[in-house]
Amino acid sequence: MKPNLMPSNPKPIEAKKKTKSKKKLSERSLGYFLIAPAMILIFIIAIWPVFQSFYYSMFDLRLNNPVKSEAHTSYSVNLQTYLDNYPFLMNTLDEEIGEASGKTKEELEAIQADLEKIDSELQKDSELKVQYDQVDERLMVMKPVSEDLAVAELNKEVALNFEKTVDETTDRIRELKGDLKNPNDVIGLSSSLSDSIITPNFIGLKHYKENLSDGRMWKAISNTTVFTVISVFAELVIGLAIAILINKAFFGRGLVRATILIPWAIPTAVSAFMWKYLYDGQNGIVAKAFESIGLFDRMTDLLTSSNGAMFSVIFADVWKTTPYMALLLLAGLQTIPSSLYEAAAIDGASKWKQFLKITLPLLKSSILVALLFRTLDAFRVFDLIYVLTGGGPANSTETISILAYKVMFAQTNFGEGSALSVIVFICVAIISMIYIKFLGRDLLNDK
Amino acid sequence: MNKKAGPMFYVFLALFVFFVMFPFLWVLASSIKPVAELFGDRAFKPFTDNMTLENYESVFLNYPFLKYLWNSLVVSTITTVYAVLVASFAAYAIARLKFKGKTFILGLVLSVSMFPQIATISPIYIVLKNLGLTNSYLGLIIPYTTFTLPLSIWLLVTFFRKIPFDLEEAAKIDGASLMQTYWRVILPLAIPGIFTTAILVFISAWNEFLFALTINTDDAYKTVPVGIAMFEGQFTIPWGEVTAATVIVTVPLVIMVLAFQRKIVSGLTSGAVKE
């Protein structure tokens, strides 16, 4: 690990140049060596999932549906499901044949022959046959079958033929229902047999097409935009005013600074719950205060009307993040030399003019950086709204992250949820590109 | 600019502090009221004559709140230690060594720190579920890398850059190897920065909600923010317990903020301000 920088150096003068380039090389490789662990982790845990989300978004992926719980691009058969059903179906059919007579018997025998045909077709493939026998053996002795062993790829024709035959079988048995002894057993086994075929659930960009023509998605985007624009703008204006006012020496600075940090430091979920208490329609003190100053007609409007809920969410966000914004801007203000203001005052510039001509231009990059971070934070807002309103009432505060979460975890529709989360990602990427264009490369350069 | 603070200024300041602190003070006052006084007319009175600690007792007796606190502590501590360790190597290399692609890497780190969590959650959830890591500490520590590692690298790079290069040159001239320079010269000077980074990373891990909500659904592995958010009963919200739990979570953070405010401010503003 330690680069050897003190080589045995018998001919110092001739070797000097060589050592220097060696040193450079070792510095470079040490650099790559040191950043490697972090880069690998970031790649695996942050970058790969984004691509994977995009991949999932092109599938009809539903966690609560065993046939669709994974992304499949090709046809395959689950031999475990198949062998759990096929032999029993055949046996049951045998029994029914023994009991039946005439036309029913003939029909049942025909069904059995068709099923045997697809079974032999499955076993025709030598590789599949090996897997088939292994699974069969394990099931006989009641051993667990691993997923890798259970699932075998099929070619499309065999799979389609299999599916068609099994579906037909189920229909044919249904028609014979009245003549059978245990019709429900036979139908049950036959329809479970069709579950053993896994069809590809690749659907391309269908989720995106559906979402882009879905009113709920656009409503969520517009809610997110309204929330982001109003809250970030309010935070910037109030934060800047506070920063300018407290940019001076005064008694109790430390206390004020600590006060500023507390809303930022407590978990958003906890502060959201706190606000829920303060906004409560019956017992909330803030709701009562808003009612008595005439901001709202009734206390309950705050969380149960659409506009009230949006206002409540924005107000809580402004309370939590304005102090943080003020802190960032204050740090920027402190880098502006006071001599500039003194010179301007001597030249007779008014306070307002000083603000426009000195403060704003010199604070530009601080403002942009603060705005960038805040805009992105606000756009992906989740905790605050999830706890405070849950997206309600009537989806009036449902942001795009909340919608994606609901689709994924309440409806267990991971394909569509992933499509929504990719949409969030694209929006965030566009917003950052716009800001970075304004900021230029300032953000990354050494000085 | 007027640098003198007049009496109006202090009035404004007091209003500002009051506005920021009011929710906490109200919650604190509510948490020591008997439950009956949280409803009806008495709900709007700030003080009670029948001060009680029954809400605090109930939080610990009727909810696995201590367990939540412990889970949060374990997850946040391990995340912080390992993220800051891995990040310190990368940040040192980016800040002090010469190699190609540094700007690109820093740009990548910054972009990753802006990734919306929702965009990574579906694959992470499915992988953790298949590995059997949902409802475990590791199930949160692994995904927390997505935001703690970029944050740590970003902060540490700015701290490492502030250490004067002359010291490194001097060590080189004295014949120290790169690793020796790192351990003997850079690291001791960087310790305050590393500590600041650790505080900020710890707070961000402690406050995380979305991963904790989706990955650890079992009470035995829930973290504090999720635990409190789930206090909701089926028909009513137990406000007494909620306010008490909020106070319990806030007090240590207030102490931490008071103790480390200078460091936290320097961490929050570094990188955001060009000096």
Between the Cα axis of helix A:414-439 and the main Cα principal axis of chain A, the angle (0 to 90°, nearest 10) is 20
Any chance you could give the angle, 0 to 90 degrees and rounded to 10, that helix B:118-130 forms with the longest Cα principal axis of chain B?
90
Check: the protein assembly as shown dipole with +1 on Lys, Arg Cβ and -1 on Asp, Glu Cβ, in debye
5900
Under 13 Å from the Cα of A:K209 - aspartates and glutamates, other chains or at least 8 residues apart:
A:E416
Counting only protein heavy atoms and a 1.4 Å probe, tell me what percentage of chain A's accessible area is made up of carbon and sulfur.
58
Quick one: grab the alpha carbon gyration tensor of the range A:245-304, order the square roots of its eigenvalues as a ≥ b ≥ c, and give me rounded if a/c is under 1.5, else prolate or oblate depending on whether a/b is larger than b/c.
oblate
Most to least packed among A:406-418, B:111-123 [average Cβ atoms within 10 Å]
B:111-123, A:406-418
Mind listing which chymotrypsin sites (Phe, Trp or Tyr not before Pro) in the range B:66-157 are in a DSSP loop and have 16 or fewer other Cβ atoms within 10 Å?
B:Y137
Tell me, what is the FRET efficiency for A:F251 and B:L131 to the nearest 0.05, using R0 = 35 angstrom and their Cβ-Cβ distance as r?
0.05
Residues of the range A:274-321 buried by at least 50 Å² on assembly (accessible area, 1.4 Å probe, chain alone as reference):
A:M274, A:Y277, A:N283, A:I285, A:W319
In whole percent, how big is the carbon plus sulfur part of the accessible area of chain B, probe 1.4 Å, protein atoms only?
68
Folded to 0 to 90 degrees: helix A:79-99 orientation relative to chain A principal axis, Cα:
30
At a probe of 1.4 Å, how much accessible area disappears from chains B and A on forming the pair, both sides counted, to the nearest 100 Å²?
9800
Signed unit charges on C-beta, dipole axis of chain A, positive-most listed residue A:G254, A:S418, A:I293:
A:G254
Longest exposed-site-free window of chain B, the sites being trypsin sites (Lys or Arg not before Pro) in a DSSP loop that have at most 13 other C-beta atoms within 10 Å:
B:101-273
Lys/Arg Cβ at +1, Asp/Glu Cβ at -1, dipole of the protein assembly as shown taken about the Cα centre: which of A:A38, B:I191, A:F54 is farthest positive-ward?
B:I191
Gyration tensor (alpha-carbon) shape descriptor, the range A:327-403, a/c threshold 1.5
prolate
Calculated from DSSP helices alone, with each H run of at least 4 adding -39500 (n - 2.57) and the total divided by the residues of the protein assembly as shown, [θ]222 nm to the nearest 500 comes to -22500 deg cm²/dmol
Take peptide B:137-144, look around each residue's Cβ out to 10 angstrom, count Cβ atoms belonging to other protein chains, and average those counts.
1
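Suppose accessible area is computed on protein heavy atoms with a 1.4 Å probe; arrange A:Y386, A:Y341 from highest to lowest.
A:Y386, A:Y341
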Is the C-alpha gyration tensor of chain A telling us rounded, prolate or oblate? Criteria: a/c under 1.5 is rounded; beyond that, a/b larger than b/c is prolate, otherwise oblate.
oblate
Residue by residue through B:86-93, how many Cβ atoms from other chains fall within 10 Å of the Cβ on average?
6
What number comes out for accessible area per residue over the protein assembly as shown if the probe is 1.4 Å? Units Å², please.
47
Compute the accessible area of each residue in the range B:20-59 twice, once for its chain alone and once with every protein chain present, using a 1.4 Å probe on heavy atoms, and list those whose area falls by at least 50 Å².
B:V20, B:P23, B:F24, B:W26, B:F44
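The values are calculated or read from the model by the stated rules, or taken from the named source; none is laboratory data. Predicted, not measured: the structure shown is a model, and the values here were computed from it. Methodologically, a virtual Cβ is constructed for each residue, glycine included, from the backbone with ideal geometry; neighbour enumeration extends over all protein chains shown. Surface areas here come from the heavy atoms of the whole protein model, side chains and all, with no ligands, DNA or RNA. Shrake-Rupley method; radii C 1.70, N 1.55, O 1.52, S 1.80 Å.
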